[in-house]
1. Return one number: the angle in degrees, 0 to 90 and rounded to the nearest 10, between the long axis of the Cα atoms of helix 71-86 and the longest principal axis of the Cα atoms of the chain.
2. Tell me the Kirkwood hydrodynamic radius of the stretch 547-625 in angstroms, computed as one over the mean inverse distance between distinct C-alpha pairs.
3. Dipole of the chain (Lys/Arg Cβ +1, Asp/Glu Cβ -1, origin at the Cα centre): which of Met580, Asn384, Gly522 lies farthest to the positive side?
4. Taking the Cα-to-Cβ direction at Glu586 and at Arg550 and moving 7 Å from each Cα, how far apart do the two end points lie in nm?
5. Using a 1.4 Å probe, how large is the accessible area of Ile448, given in Å² and rounded to the nearest 10?
6. If you fit an axis through the alpha-carbon atoms of helix 36-47 and take the longest principal axis of the Cα set of the chain, what angle between them do you get, 0 to 90°, nearest 10?
7. Would you mind giving the three semi-axes, in whole Å and largest first, of the ellipsoid equivalent to the stretch 263-336 according to its Cα gyration tensor?
8. Taking the Cα centre of the chain as origin, sum charge times position over the Cβ atoms of Lys and Arg (+1) and Asp and Glu (-1), and report the length of that vector in debye to the nearest 20.
Amino acid sequence: MSATVSPSRRLSFGHYEVDLQSRELRKHGIRIRLQSQPFELLVMLLERRGELVTREEICQRLWSADTFVDFDHSLGTAINKIREVLNDSAAEPRFVETLPRRGYRFIAEVVSVPESAQGVSPTAQLDSARDADEPKRKKATSHRLIWATASILVIVIVIVISGLVTWRSFRHHPIDSIAVLPLASLSTDPSQQFLAYGVTDELTTNLAQIRSVRVSSHTSSTACSSTQKSASQMARCLDVDALVEGSVVRSGDRVRLTVQLIDAASDRHLWAQTYDSQLTDIITTQREVTRAIAASISAVLTPKEQARLSQPHPMNPEVADLYFKGSYYLSKLDLDRAKETFSEATRLDPKSAESWAGLADACHHRAANGGGSADIVQARDAANKALEIDPSQAQALMVLGILSFSDWKPTESEAFFRRSIEARPSFAMAHMLFAVTLAHSGRSEEAIQQAKLASALDPVSVLTNSMAWHAYFCARQYDEALRIILGVLEVDPAFGPAYFRLHISWEQKGEYQKAIDTSVRGRIVEGESPEKANRDVAELRAALASGGARGYWQRKLEILLRDRKPDDRGGFSPIARCYMRLGKREEALQTLEKAYQLRDSRLILWLPAYEEFDPLRSDPRFQKILHGLGIS
C-alpha cells in the first residue's frame with residue numbers, strides 16, 4: 001500500500017536520514033556523499049514511498065525537455081549510485097525496487113523526523129528565579145564571561161588555522177588524477193566528428209602512459225560529459241582532480257587544437273594553449289600537448305616516458321583519418337566496420353603500429369563474440385606486426401595476453417598483460433582482461449584487485465565493468481557477481497553479453513525460472529523475436545515445472561547434445577556441468593577429456609571456475625587436464 005510522506009525537513013529510513021533543506025544524506029549522523037542527480041531521484045522516491053514512480057515522471061522532473069542525454073544510461077547510473085551508498089541490491093532490494101520497463105518504487109518505511117521543540121521560559125518565572133537566587137546568578141554570570149572569552153579565543157584560533165590551511169591548499173593543490181573530456185568539433189562537417197573523437201582518444205592514451213598520474217578512460221569521460229554537469233560534478237563522477245577540455249577544427253590538412261586544464265576543486269583554469277599543425281603531425285602535436293599538461297601539474301616523467309613523448313610521429317593524413325574512424329567504430333563495438341577500416345589503414349601504411357593494434361583488437365573482439373578461428377589468427381598476426389614496429393604497443397600486448405590465455409599459455413599471457421600495463425599504467429581494459437585471466441586461473445585475490453583498478457579507471461563503462469563479474473563469480477562471491485551484472489543491465493539493458501553472465505548467476509543460485517527469463521531477454525536483445533525466444537525455451541520451462549531442478553538440468557543437457565554439430569570443437573564445459581548436476585561423474589570426465597583432446601579454447605575458462613567440478617579435482621584424470629592447461 002502506498003503512503004505519501006508528510007512534508008518535513010528530514011526523512012528517516014533504516015539507519016539513514018535525508019535532510020531536504022541542506023540536501024544531504026546521512027547514516028548514523030555521518031554525512032554520505034551522493035551526487036546531486038541521484039540525490040534528487042532518491043528524494044522523489046522517498047516522497048512517494050510505496051508508489052510506482054514511472055520512468056517518464058523521473059525524466060520530466062530530472063531532465064528538462066531541452067537536455068539531450070542518453071536517458072536509459074543516465075537513469076541506470078543514478079539508480080546504481082543510490083544503491084551503492086545504501087548498500088542495496090537490485091536482486092534482493094531493501095530500499096529501491098525495480099519494476100522492469102516501468103520504473104522504481106521505494107519499499108522501506110519512511111518516517112518524517114519532527115523538528116526539536118524550542119522551549120522558552122515565561123518572564124515571570126525568570127524574574128522569580130532571579131530574585132530568589134541572586135548570588136548564584138552573579139557566579140553564573142562570571143562563569144559565562146570566562147566561557148565567552150575562551151570561546152572567542154577558540155574562534156580566533158580556528159579562523160587562523162583555517163585560513164592557513166586554505167592558503168596552503170590554494171597555494172599547492174596536488175593533481176594526481178585527470179580526465180580528458182571529449183574535445184568539441186568546431187567543424188560543420190559531420191565526418192570531422194571522427195577527428196575530434198580520435199584526438200581525444202589519442203590524448204587520453206598518451207596521458208595514460210604516465211605512471212605518476214591516474215587517467216580516467218575515454219569511455220567513462222565521454223559518458224559523464226554527456227550529461228549537463230559542472231566541472232566539479234564531472235570530476236566527482238570520474239573521481240579525478242583535474243579535467244582537460246577543448247576543441248579541434250580542421251581546414252584542409254591544417255588542424256587547430258585548443259586545450260585547457262581545469263582544477264576541479266576550484267574550477268580555476270590552470271593552463272591553456274592553442275596548437276596549429278598539419279594533419280600529418282597530429283600525433284606528434286598530441287605528444288607535445290601531453291608533455292605540457294604533465295609539466296603544468298608537476299607530474300614526474302621517467303626518462304623512458306619523456307623520450308617516448310618527445311619522439312616525432314608523422315602519419316599519412318588519410319591513414320590518420322582511417323585510424324581515428326576505426327577507433328570510433330571499435331569503441332561502439334561496430335566490429336565489422338572497425339576491422340574493415342583498420343585493414344585499409346594498414347594497407348596504406350604497413351608501418352602504422354597503431355593501425356595494426358586496432359585491427360588486432362577488432363579481430364579479437366569478433367572472435368570473442370562468435371567469430372571463427374580466422375579472426376583469432378588475424379588478431380595474433382596483426383598484434384605481432386604492431387609489436388615489430390613498436391615493442392611497447394600496449395593495445396597489441398593486451399590482445400596477445402588474452403589470446404595466449406585462450407591458447408592455454410597462462411604464464412605467457414601474464415607476461416603480455418604485465419608488459420601492456422607497464423607501457424600504459426591507466427589502461428582500464430588491460431587491467432580488466434588481466435583480472436579475467438587471473439580469476440579463471442584460480443587467483444581470485446589478485447583478480448579482484450585488478451578488477452577494482454579497472455573499474456576505478458573506467459567507472460561508467462558497461463563493457464569494462466561487466467567483466468568484473470568473472471572476478472567475483474570465480475571467487476565464489478555469487479551475490480557480489482550478481483549485484484555487478486544487474487547493475488550493468490540497469491545502466492544499459494541492451495548490452496547483450498551481460499545476459500549470459502546473469503543467466504549463469506541465476507543458475508548458480510538455483511533460481512531457474514529467472515535463468516530462463518534472462519535467456520529470453522538476452523535472445524530478444526540480440527535480435528530474436530519474442531515469439532521465437534519464448535518458443536525455444538518452452539521445453540526448459542516445462543521440464544522445470546514437472547521435474548524441478550533435476551528436470552531442468554536433464555532437459556538442458558538433452559538440448560545441448562541435440563544442438564551440437566559434428567564438427568563442433570567447443571562448448572564441452574556446459575555439457576560436463578550438466579552431467580555433474582545429474583550425478584554422472586564418469587560422463588562428465590569423458591566429456592572434459594574430449595574437450596582437452598580437441599583443444600576447446602574455453603575449457604581453460606570454466607574448468608577452474610564451476611563449483612560443479614569440485615568433486616573431480618582430486619581425480620588424476622582431472623589433474624592431468626589441469627596440468628595440460630597450465631593451471632595445476
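The values are calculated or read from the model by the stated rules, or taken from the named source; none is laboratory data. Keep in mind that what you see is a predicted model, and the values were worked out from it rather than measured. Every residue, glycine among them, receives a Cβ derived from its backbone with ideal geometry; neighbour counts consider all protein chains shown. Surface areas here come from the heavy atoms of the whole protein model, side chains and all, with no ligands, DNA or RNA. Shrake-Rupley method; radii C 1.70, N 1.55, O 1.52, S 1.80 Å.
1. 60
2. 12.8
3. Working it through, the farthest residue towards the positive pole turns out to be Met580.
4. Result: 1.9 nm between the two label points.
5. 20
6. Rounded to the nearest ten degrees, it is 70.
7. On the way: eigenvalues 142, 64, 38 Å².
Sorted largest first and rounded, they come to 27, 18, 14 Å.
8. Values: 79 positive and 79 negative charges, 291 e Å.
Using Cβ point charges on Lys, Arg, Asp and Glu, the chain gives about 1400 debye.
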